[in-house]
Amino acid sequence: MPLLNEEIRREVAKFLEGIPRPVRLVMFTQEFECEYCADTRQLVEELAEISDRIVAEIYDFQADRAKAEELGIDKIPAIAVIGEQDYGVRFYGIPSGYEFTSLLYAIRYVSEGKTELSDATLKVLEGLTEPVHIQVFVTPTCPYCPQAVTLAHQMAVASPMVRADMVEATEFPHLAYKYQVMGVPRTVINEKVHIEGAVPESYMVAKLQEAVR
């Protein structure tokens, strides 16, 4: 049974119409002990059916360990959104509910290789001299989470020093516990700086600067 009905497929096709360059959805799965792996795989494959610019690549997390390590994939289900280059845009957990929108925007930004970030933000990102890892913890029912995820992913597209993960909190409870996720979105930058809620771009940039100081 399809995950995306005909109406959604038409809307997705319209949203992705005209994206300039191909995008690979590199998905890592493992049927054993991965509750949402099958659905995540199906979602990726259905998106590839909708647009000829999207290519689905499916790997087994264990059998294809070298590929997972190459892309920095350390948990599943996982999707790496890769265009002409790998910008470090990642989804951990199924991007369902409101997060389906985040996936569509990630595809668009990665295909275009550009973002909607302000000049001030781009200047800060251009000045980064050390790696930045952004993790945004979400749930599918959170209407504010896509704003935080999309902002983080845009920063990854804009800077080779940034990698940004969406992490579905209920699928990775050990991480939710580790990072004290009591509400979503909760953004963690370089393991030490935390942001509660969906915040303006300027605030996110200030926290990023705090994390690298």
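Bear in mind these aren't lab numbers, they're just calculated from the coordinates by the rules spelled out. No experiment lies behind these values; they were computed from the predicted model shown. With ideal geometry, Cβ positions are generated from the backbone for all residues, glycine too; neighbour counts draw on all protein chains shown.
Points worth noting:
- Met182-Arg65 pseudo-label distance in nm [points 7 Å out on the Cα-to-Cβ vector]: 4.0 nm
- Nearest-ten-degree value, helix 145-158 long axis tilted from longest Cα axis of the chain: 80 degrees
- Cβ-Cβ FRET estimate between Met1 and Asp74, R0 fixed at 41 Å, reported to 0.05: 0.85
- Translational diffusion coefficient of the stretch 6-112 (Stokes-Einstein, Kirkwood radius from Cα pairs, 10 °C, 1.306 mPa s): 115 µm²/s.
- Rg/Rg_globular for the stretch 119-212, with Rg_globular taken as 2.2 N^0.38 Å and Rg from C-alpha atoms: 1.01
- Whole-Å distance, taken between Cα centres, linking the stretch 146-213 and the stretch 10-45: 22 Å
- Reachable lysines, given that their alpha-carbon falls under 25 Å from the alpha-carbon of Lys14 and they are not under 8 places away in the same chain: Lys114
- Rounded to the nearest 5, the antiparallel percentage of DSSP beta bridges internal to the chain is 50%.
- Taking 4.7 Å between C-beta atoms as the pairing limit, the chain has no partnerless cysteines.
- Beta-bridge orientation, the stretch 119-212: approximately 55 percent antiparallel, per DSSP, counting only bridges with both partners inside.
- Rg to Rh, two decimals, where the chain supplies the alpha carbon set and Rh follows Kirkwood: 0.94
- Taking a straight Cα-Cα cut-off under 20 Å and skipping sequence neighbours fewer than 8 places away in the same chain, the aspartates and glutamates within cross-link reach of Lys192 are Asp74, Glu130, Asp165, Glu168, Glu201, Glu210.
- Computed magnitude of the charge dipole of the chain (debye, nearest 20; Cβ of K, R +1, Cβ of D, E -1): 580 debye
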